[in-house]
Each structure stands twice: as structure tokens, then as C-alpha cells.
1. With a cut-off of 19 Å, note down the residues of region 1-16 whose backbone N falls inside the zone around a label point 7 Å from the Cα of ARG64 toward its beta carbon.
2. Can you compute the charge dipole magnitude of region 19-176 about its Cα centre, using +1 on each Lys and Arg Cβ and -1 on each Asp and Glu Cβ, nothing else charged? Give it in debye, rounded to the nearest 20.
3. Can you tally the net charge around GLY215? Count Lys and Arg as +1, Asp and Glu as -1, for every other residue whose Cβ sits under 15 Å from the Cβ of GLY215.
4. Whole percent per 5 Å bin, from 0 to the bin with the longest distance: what is P(r) over all C-alpha pairs of region 117-172?
5. Starting with the highest mean, order 91-99, 194-202 by the number of other Cβ atoms within 10 Å, averaged over the residues of each peptide.
6. At what distance in nm do the modelled label points of LEU21 and SER76 sit from each other, each positioned 7 Å from its Cα along Cα→Cβ?
7. If each Cα of region 152-226 is one equal point scatterer, what is log10 of I(q)/I(0) from the Debye formula at q = 0.19, 0.22, 0.27 Å⁻¹?
8. One-quarter of the Cα convex hull surface for region 2-65, in nm²?
Amino acid sequence: MLDRAFAVLGCFSESRLRLHLRDFAQATSLDKATLLRLLGTLARHGYVQREEDGRYAPGPTPLRLGALYRATSDLSTRMPAVLQRVMQQTRESAAFYTRNGGDRVCLFRVNARRELRHHVEVGDHVPLAEGGSSVHVLLAHTGGSTPLAAAVLARGYAITRAERTPELASVSVPVFEGDGAFLGALAVVGLGSRLTDAALLAAVDIAANELRAQGFFPRPPSPDSA
């Protein structure tokens, strides 16, 4: 039941803020009777709200949970600053991902100011099985299985080309706190025709420098650097 409820909540996005019952049915493959029961429960607890035209929108409870999450982490003030600086210097989209079970989740992102660019929304869940450089970093540092694990741990980054999307290339670096806690992966993503090998390696240095400027580490910190 919880899996189905989370699937319903996952239908919302920045471009899909208000949904009809048929939209949930198409996105989840659940029958309308089941959806009405789930939406009724979610509405009673404030996770969704039903509007006058019959559409459903996110309710206030996720906002409260989001505030509680932000209160326990200053990532929300430090990481966007890192991503903004990385995007400005690489001119490509930058995002920060964490692992959630079998998915990677985008917590923060700054999109490039280009007509042709890679776009991802905050809160997006993407299966780890679909690949991408951030997946290899997340798996390598959380005990997962990836053929790039040894290279990621030795070099401190992962580069992929056309692994998830044919036209795209990406590079990701791990992000650590000063106490050595692994936080996630910072990814720079763009068209493969623009992101040459030299550009990807330059992005690694840029990301590492900007992470350090905000008190993060692109490698596990030594006791002397903490």
C-alpha cells in the first residue's frame, strides 16, 4: 500500500502540478477505484489536496517534512552555491544526487543556460540500472556493484558517454563531509559533442575546487584535513 501511495505522489513534478484521476491511472497503471482510496487517504493526511475542478495537487504536509529535512542539513545552502559556480564555469548543467535504494534521487540542480541542454528536475528518481556517471560514483561508495568501482575509487571520478542517453556525456565526483561521511555525487552533464575528454577532466577540477570552497571534500578527507 505504501509503495502505491509513493507512486501516486511521484506523479507530481514541476511541469505536472495538478493532475486528474486519469493522469494518475496512466502514470501508475492503477485502477481508478484503488487510486480514489489512495488519494482519499493522502488527502486526509495533507499529502494531496483536491481542487474544485476535480484535479489533485500536492498538499501542505510535504512542505513541513521538507522544512524538517532542511533543518537537519545545511546542504540546502551550501550545495546550490557549488552547483551554480560549476555551471557558470563549465556552461553545462550540474546536479547533486543521492542514493535511495535502487534509485538515484536529484536533490539539487542548476540547468545550463543553453538552448540544447540536459534537464533534470529536483526530486526526480531514476533507477540505478539505467546508468550514468553519478550511478557509478554512488554505487562505488555505497557498496554497490559497478564495473567502474575500482576506477572511481582510484581516480576520484566517473565518466560516461551515451550510457543512459545517446547524445549525452557526463562526469561525476563523490561528495564527502569533513567527518568523512559520504553524501552523494555531483554530476556535470551535457551534449557529448561539447563535452570533450579535456572538458570532462576540467570539470572534475572545477567541481573539486568549488566543493572545497564550501567545506566539502571530493575524496574521503584525511584526519589532517578534517
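1. 6, 9
2. Values: 20 positive and 14 negative charges, 69 e Å.
It comes to approximately 340 debye.
3. Working: positive: ARG78, ARG85, ARG212, ARG219; negative: ASP74, GLU177, ASP179, GLU210.
With Lys, Arg at +1 and Asp, Glu at -1, the neighbours total 0.
4. Reading upward from the zero bin: 4, 20, 29, 26, 14, 7, 0.
5. Values: 91-99: 24.1, 194-202: 14.9.
Going by the mean number of other Cβ atoms within 10 Å, highest first, we get 91-99, 194-202.
6. 3.5
7. Taken in order of the listed q values, log10 I(q)/I(0) reads -0.75, -0.93, -1.21.
8. Numbers: hull surface 16.6 nm².
Value for region 2-65: 4.2 nm².
Read the figures in this text as sums done on the coordinates, not as results from a lab. Since this is a predicted model, take the numbers as computed values, not measurements. Because the Cβ atoms are built from the backbone with ideal geometry, glycine has one as well, and the counts that use them run over all protein chains shown.
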